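*Asks:* One structure, pasted below without further comment.
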Amino acid sequence: MEKYTIRRDIASRKINFSEELNPSQLDVVTYKGGPMLVLAGAGTGKTTTVTYRVAWLIDQGVRPSEILLLTFTNKAAKEMMSRAETLAGGEISSLWGGTFHHIGNTLLRRYAELLGYTKDFTILDRADTNELFDLCKSEIEGSKLTTGYSGGKAYGVAPIPKAAVLSDIYSYVKNTSKTIEDSIAKKYSKLRTSTDDIIAIFKLYEHKKSTLNLMDFDDLLINLKVLLTDFPDVREQLSGRFKHVLVDEYQDTNSVQAEIVYLLSSVHKNIMAVGDDAQAIFSFRGANLDNILNFHNYYPNTKIFRLTYNYRSTPQILNLANAIIRGNRRQYRKDLESSRKDITHEGKPYPLAYLVELSDVEAQAEFVCSKLRDIAEEGGSLSNVSVLYRAHYQSLELQLELTRHGIFYEVRSGMKFFEMAHIKDVMAYLKVVVNPFDEIGWKRILKMIPGVGNKTIEKFWVILTRNQEETPLDALPKLNNSVPQKGRERFRQLLETIEQIKVQKSPSRAIKLITEGGYEQFIYEAYTNAESRLEDIEKMSEYAIKYDSISTFVSDMAIGGDTDEDEETGDSFMGKVVLTSVHQAKGLEWKRVFIIGLNDGQFPLFKSIAAGEEEEERRLFYVAVTRACDELYLCNTQMSNIVGPVKPSRFIDELESRLYQPLEISYGGDNDIF
């Protein structure tokens, strides 16, 4: 446990719980004990409630060492522990508080021998994990070189994914308790032909960890569950010690974490699970909504509390949010109530939730930029503004438009668009066609071939530039005999793709040819979040439709993607607007929020609807709306560059028109919106 200091001047402060908490919070904080499910709506003071609960328990005579507080992030743990210590008025470093992984590490150090480890086992970080997977992959590939076959398949037919992808699959398997075969079939279907190799690598990875006294992050949870399940005396000892177990963000727990909580609270059954089913948006990470919806089935006599008094948003924004989430069938029903009075204009409630329909994505980007300029000119800080979207690729046009207008921005949903590896990969193909002597582009492309490393690439470049009478583009076929056996098929695809885009004028079509010519499969083998990356590339292809020259597109993207800026000037003058996906925005708030791309197929995503995840998509919309404090702009477009006319999001159609104010947009002579 981490140590926290306390100021002496507040150590003797007596808490007046009834004055410092609202009635709903007070009911939670002073509940006598037993299973508690606290449904804490957005902006309702969840952290305050949890920390006051800790202080109240200590005030009632519970020793800090008898309390276990589980969180999902180190930041949340530090904040709650620090605030609880301040409230309790004394040293509480003996309180068990931290993330699931932190608590797992602490307990496993004490009982490591029972599981075949020594207490000084090493924890693999992400880089270490990938390095070990690389080692296992090399050994499996070495055995394939010797035999020529793997799993009955001819060598070279199914390249093994890179270490980062293997680590991603492994973590998903462990945290969902699914089989490797089922996980690959459901979430990594493009890698099904490599299933036998992946299973072999995972077995070797497990063997090396056990023999080398290593645990990865997932082991800290899996092994803790094994310890509590297979050793009843340890379970009784620990669950007997923890008289009260408090869990933050319970809706985000996976099956392993929920089982750990159940086992650690099995003696006293004083479990306080705090969360919000309406903000359950992380199923792709293995989070299981049923953990919170069926909480009462695991803990009989559960007392359910609802925190609905919101300290963040205006009544208008909350009325909209309440209407959104009513569309879900599987939920605990609750309506948020604002602590803020209605903001009025000339005696009437001032509409602070606006619906904005734009002609296309370029007009959408220009609208946002126009509003940001207005905010800055009125003396507002752009640091208090955020633009939210369902998927990272939806920010492309906006990033380019912000750069064009000199508006500073910060991307929190990932790297800036043209800094992302997969975008650079695709641009490399286009660059070498425009400039056949682009050494950086060629080396990036050649490195995608299985079995080709830095040394081989240097040899390739010598071959490509040996004859001064031909370009590397013309000399490319000369590499055929030098390509390793396992890279021959990918190299054949490269030759074919290059020949196709050489005669292609449309950059949009060229991008599609690159994806279809082996790059899509490469993404699944080389990168995590493959589908999201393919969406980025599809968005770039859609954006490129308006260009009839690859050369012009490459030049414009180089200029538009040049986001070097004077950081000091940007911060001091008007701040930076935050661009982020809704997933990354959870737990945050801004005075003004723009939600863009509110069209069916984009928000909600069609693939999520097809997968039966409409309710989670609606929860995402709810989370997005509840990030706004003062003003909210819901933006959709009438047209798509690819499919033509598009419909507004079904989530907009579900809402009564009284809940928002349509915002009329007019266009000036230079397409300015005002």
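The values are calculated or read from the model by the stated rules, or taken from the named source; none is laboratory data. Source: prediction; values computed, not measured. Note: ideal-geometry Cβ built from the backbone for every residue, glycine included; neighbour counts use all protein chains shown. Just so you know, the surface numbers come from the protein's heavy atoms only, side chains and all, with ligands and any DNA or RNA stripped out. Shrake-Rupley method; radii C 1.70, N 1.55, O 1.52, S 1.80 Å.
*Asks:* Given the Cα atoms of segment 87-242, and with Rh set as the inverse mean 1/r over their pairs in the Kirkwood sense, what is Rg to Rh to two decimals?
*Replies:* 1.08
*Asks:* Which three extents, in angstrom, do the Cα atoms of segment 342-500 have along their principal axes, listed largest first?
*Replies:* Result for segment 342-500: principal-axis Cα extents of 81, 30, 28 Å.
*Asks:* Excluding ligands, DNA and RNA, what is the solvent-accessible area per residue of segment 239-337 at a probe of 1.4 Å, expressed in Å²?
*Replies:* Details: 3600 Å² over 99 residues.
Normalised by residue count, the accessible surface of segment 239-337 is 36 Å².
*Asks:* Work out, step by step, the length gained on full extension between E79 and N297: first 0.36 nm times the residue separation, then minus their alpha carbon distance; give nm to one decimal.
*Replies:* On the way: separation 218, 0.36 × 218 = 78.48 nm, distance 3.14 nm.
The E79-N297 span can extend by a further 75.3 nm.
*Asks:* May I pose another question? For S657 and I123 in one chain, what is 0.36 nm times their gap in residues minus the Cα-Cα distance, to one decimal in nm?
*Replies:* Values: separation 534, 0.36 × 534 = 192.24 nm, distance 5.43 nm.
Length gained, S657 through I123: 186.8 nm.
*Asks:* In whole percent, what relative contact order does the chain give with Cα contacts below 8 Å and a gap of six or more residues? Please list the in-between numbers first.
*Replies:* Numbers: 1081 pairs, mean separation 115.8, N = 674.
Computed value for the chain: 17 percent relative contact order.
*Asks:* Would you mind checking the pairs K162/K447; K190/K486; K174/K486; K14/K243; K119/K225 and listing those with alpha carbons more than 20 angstrom apart? Walk me through the numbers on the way to the answer.
*Replies:* Details: K162/K447 13 Å; K190/K486 18 Å; K174/K486 30 Å; K14/K243 24 Å; K119/K225 17 Å.
Over 20 Å apart, Cα to Cα: K174/K486; K14/K243.
*Asks:* Report ³J(HN,Hα) in whole Hz for each residue of segment 99-106, in order, from the Karplus equation J = 6.51 cos²θ - 1.76 cosθ + 1.60 where θ = phi - 60°; Gly and Pro get x.
*Replies:* Per-residue couplings from phi come out as 6, 4, 5, 5, 5, x, 4, 4 Hz.
*Asks:* So what is the 222 nm mean residue ellipticity for the chain from helices alone, if each DSSP H run of at least 4 adds -39500 (n - 2.57) and you divide by all residues, rounding to the nearest 500 deg cm²/dmol?
*Replies:* Values: 31 runs with 318 residues, N = 674.
Estimated from H runs of four or more residues: -14000 deg cm²/dmol.
*Asks:* Percent of alpha carbon pairs in segment 59-142 separated by more than 18 Å?
*Replies:* 60
*Asks:* Let me ask something additional. Under a straight-distance cross-link criterion of Cα-Cα below 15 Å, which aspartates and glutamates are reachable from K371, leaving out those fewer than 8 residues away in the same chain?
*Replies:* The qualifying aspartates and glutamates are E357, E362, E401, D630, E631, E664, D672.
*Asks:* Okay, next question. Checking the table K32/K334; K416/K586; K186/K512; K502/K539; K416/K455; K78/K341 against a 27 Å threshold on Cα-Cα, which pairs fail? Display every interim value, and only then the final one.
*Replies:* Details: K32/K334 24 Å; K416/K586 20 Å; K186/K512 25 Å; K502/K539 22 Å; K416/K455 30 Å; K78/K341 33 Å.
Those over the limit are K416/K455; K78/K341.
*Asks:* Where the centre of each part is set by its Cα atoms, how far does segment 36-91 sit from segment 491-530, in angstrom?
*Replies:* 52
*Asks:* If the cut-off is 17 Å between C-alpha atoms, which aspartates and glutamates fall inside it for K431, apart from same-chain ones fewer than 8 positions away?
*Replies:* Those aspartates and glutamates meeting the cut-off are E419, E439, D474, E496, E499, D548, D556, D562.
*Asks:* Next up: Ignoring ligands, DNA and RNA, please state the percent of accessible area on segment 373-430 from carbon and sulfur, probe 1.4 Å. Spell out each step's value before the answer.
*Replies:* Numbers: 860 of 1940 Å².
Result for segment 373-430: 44 percent of the exposed heavy-atom area is carbon or sulfur.
*Asks:* Give me P(r) over segment 354-395, computed from all C-alpha to C-alpha distances, binned every 5 Å, as integer percentages.
*Replies:* That works out to 5, 18, 26, 27, 17, 7, 0, in percent per bin.
*Asks:* Further question: How much of the DSSP bridge set in the chain is antiparallel, in percent, rounded to the nearest 5?
*Replies:* Details: 9 of 58 bridges.
Taking every DSSP beta bridge within the chain, about 15 percent pair in antiparallel fashion.
*Asks:* Then there's this: Would you mind getting me the FRET efficiency between E496 and E337? Use the beta-carbon distance for r and R0 = 35 Å, nearest 0.05. Can you show the working numbers first?
*Replies:* Numbers: r = 62 Å, r/R0 = 1.77.
The value I calculate is 0.05.
*Asks:* Report the FRET efficiency, 1/(1 + (r/R0)^6), for M415 and T193, where r is their Cβ-Cβ distance and R0 is 22 Å, rounded to 0.05. Display every interim value, and only then the final one.
*Replies:* Working: r = 30 Å, r/R0 = 1.38.
Efficiency, from the Cβ-Cβ distance: 0.15.
*Asks:* Kindly state, to the nearest 0.05, the FRET efficiency for R326 paired with S65, given R0 = 60 Å and r defined as their beta-carbon distance. Spell out each step's value before the answer.
*Replies:* Details: r = 44 Å, r/R0 = 0.73.
In this case the efficiency is close to 0.85.
*Asks:* For a quick check: with amide H placed at 1.01 Å from N, whose amide H comes under 5 Å from F305's, ignoring anything fewer than 5 positions away on the same chain?
*Replies:* Answer set, sorted by chain and number: L37, V38, L39.
*Asks:* Could you do me a favour and compute the accessible area per residue for segment 362-438, 1.4 Å probe, result in Å²? Can you show the working numbers first?
*Replies:* Working: 2530 Å² over 77 residues.
Averaged over the residues of segment 362-438, the accessible area is 33 Å².
*Asks:* Then there is this: Quick check: Cα centre of segment 351-378 to Cα centre of segment 208-258, how many Å?
*Replies:* Spelled out, the Cα-based centre of one part sits 48 Å from the other.
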